[in-house]
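Only one structure is covered here, and it is reproduced in the block below.
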Amino acid sequence: MADIPDRRSRRRNETKAEILAIALDVMAEEGVAGLSLATVARRLGVRPPSLYKYFSSRHAVYDALFKKGQEGYLDAALRAAEPYEPGLAAMGAALEAGARWIMANQVLAQLLFWRPVPGFTPSPEAYAPALATHEHFTALIRGAVERGELHPDAAGEEGLNLAASLIAGVVSQQLGNQPGVTYEEGRFTRLVPRLTRIFAAAYPPR
């Protein structure tokens, strides 16, 4: 009998994952802000009130998706930088991996980086991976400073904001103008390998 709670927990988690997958499909069809729990319930084959056993509200679904997306983006950036010492090479690898993840997960990326849902604010738990991503890139930039690749100002608030704006600008232009192409085909994503050089030009070492 001991495995009954485990089976129930596993089934509950599987149902939650299915709900989130259906929600992504609906968002892809109707726009990120067009998520309807009634539509999700119909596709799941249950009555809408049944969804509230898994998610307390529409915003709770967004929150779970936001967390899932931020975790995916963070994992891609961490894995890409792992073979390198902290510095520009690691930063470039992480930026490219993040851009590739965005192109493969465009609906989630809109929720993460464009905030298209009026009134939705991610919970601290859902936002935690985003803070970890910020710390990851901060560490890479500080590593580049220590290696003599960047001026120390690059690791200041303005430098970090510029680094975030460079990648955000490229992927926003790509998603806004050419969403239906691969990373390699994108007019804007093909600029990603240049971003570390642009950043280094803004903060050349002493």
Listed by first then second residue, the pairs whose first member lies in segment 38-67 and is farther than 23 Å from residue 112 by Cα, whose partner is charged (D, E, K, R) and part of a helix (DSSP H, G or I), with beta carbons under 7 Å and at least 6 positions apart or on separate chains, are 44/18
Pairs, please: C-beta under 6 Å, at least 6 apart or cross-chain, first residue under 16 Å from residue 145 (Cα atoms) and in segment 76-88, second outside any helix (DSSP H, G or I)? 87/147; 87/149; 88/149
Would you pick out the residues in segment 17-50 that are out of contact with any Leu (no Cβ under 7 Å at 6 or more places or on another chain), assigned to a helix (DSSP H, G or I) and open to solvent by 60 Å² or more (accessible area, probe 1.4 Å)? 25, 28, 29, 30, 42, 43, 49
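Yes or no, residue by residue, for (1) of a type in the set (S, T, N, Q); (2) over 25 Å from residue 137 (Cβ atoms); (3) under 20 Å from the mean Cα position of the chain (by Cα):
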{"residue": "26", "(1), (2), (3)": "no, yes, yes"}
{"residue": "40", "(1), (2), (3)": "no, yes, no"}
{"residue": "45", "(1), (2), (3)": "no, yes, no"}
{"residue": "51", "(1), (2), (3)": "no, yes, no"}
{"residue": "54", "(1), (2), (3)": "no, yes, no"}
{"residue": "58", "(1), (2), (3)": "no, yes, yes"}
{"residue": "66", "(1), (2), (3)": "no, no, yes"}
{"residue": "77", "(1), (2), (3)": "no, no, yes"}
Picked from segment 94-137 (must be closer than 28 Å to residue 181 by Cα and of a type in the set (D, E, K, R)), the residue surrounded by the fewest Cβ atoms within 10 Å (Cβ to Cβ) is 115
Wholly within segment 100-206, helices (runs of 4 or more DSSP H) carrying at least 1 residues that are out of contact with any Leu (no Cβ under 9 Å at 6 or more places or on another chain) and farther than 26 Å from residue 32 by Cβ: 124-146, 157-177, 195-202
Here is a list of conditions, (1) in contact with a helix residue (DSSP H, G or I) (Cβ under 8 Å, 6 or more places away or on another chain); (2) over 14 Å from residue 95 (Cβ atoms), and residue 177 meets all of them except one; can you say which number that is? (1)
Taking the criterion of being of a type outside the set (Phe, Trp, Tyr), within 22 Å of residue 174 (Cβ to Cβ) and open to solvent by 50 Å² or more (accessible area, probe 1.4 Å), would at least one residue in segment 72-93 satisfy it? yes
Selection within segment 147-156 - buried (at least 19 other Cβ atoms within 10 Å of the Cβ) and touching a residue at least 40 places away in the same chain (Cβ under 8 Å): 149, 150, 154
Can you tell me how many residues in segment 157-181 are open to solvent by 50 Å² or more (accessible area, probe 1.4 Å), touching a Phe, Trp or Tyr at 6+ places or on another chain (Cβ under 8 Å) and of a type outside the set (A, V, I, L, M, F, W, C)? 2
Against the condition within 26 Å of residue 100 (Cβ to Cβ) and open to solvent by 60 Å² or more (accessible area, probe 1.4 Å), how does residue 53 come out, does it pass? no
Restricting to segment 7-16, what's the tally of residues that are open to solvent by 80 Å² or more (accessible area, probe 1.4 Å) and without any contact (Cβ under 8 Å) to a residue 40 or more places away in the chain? 6
Residue selected from segment 182-198 under the condition surrounded by 14 or more Cβ atoms within 10 Å (Cβ to Cβ) and in contact (Cβ under 8 Å) with a residue 60 or more places away in the chain, by the criterion farthest from residue 90 (Cα to Cα): 186
Count of segment 56-66 residues which are assigned to a helix (DSSP H, G or I) and either open to solvent by 70 Å² or more (accessible area, probe 1.4 Å) or closer than 15 Å to residue 107 by Cβ (or both): 6
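The values are calculated or read from the model by the stated rules, or taken from the named source; none is laboratory data. The shown structure was predicted, so the numbers you read here are calculated from the model rather than taken from an experiment. Using ideal geometry, Cβ is built from the backbone for each residue, glycine included, and neighbour counts are taken over all protein chains shown. Accessible surface is based on the protein model in full, side chains and every heavy atom, while ligands, DNA and RNA are left aside. Shrake-Rupley method; radii C 1.70, N 1.55, O 1.52, S 1.80 Å.
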